[in-house]
């Protein structure tokens, strides 16, 4: 394996890891948005809030 191939392989590994982390953040963000929507609905049902 050449030095270039090793660097390319390492770059690919790092890129895949960042992709995994990014996907986890997206999933957490979706969960938080979902929780925020639930809270809005509860507050509206209780007559709390600006709307």
Any residue that is surrounded by 10 or more Cβ atoms within 10 Å (Cβ to Cβ), touching a helix residue (DSSP H, G or I) at 6+ places or on another chain (Cβ under 8 Å) and modelled with pLDDT under 95 - is there at least one of those in segment 4-27? no
Flagged pairs (Cβ under 9 angstrom, 6 or more apart or on separate chains; first in segment 1-28, in a helix (DSSP H, G or I); second exposed (fewer than 10 other Cβ atoms within 10 Å of the Cβ) and modelled with pLDDT under 95) are 9/1
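The values are calculated or read from the model by the stated rules, or taken from the named source; none is laboratory data. Please read all numbers here as calculations on a predicted model, not as lab measurements. When we count neighbours, we look across all protein chains shown, and the Cβ atoms used for this are built from the backbone with ideal geometry, even at glycine.
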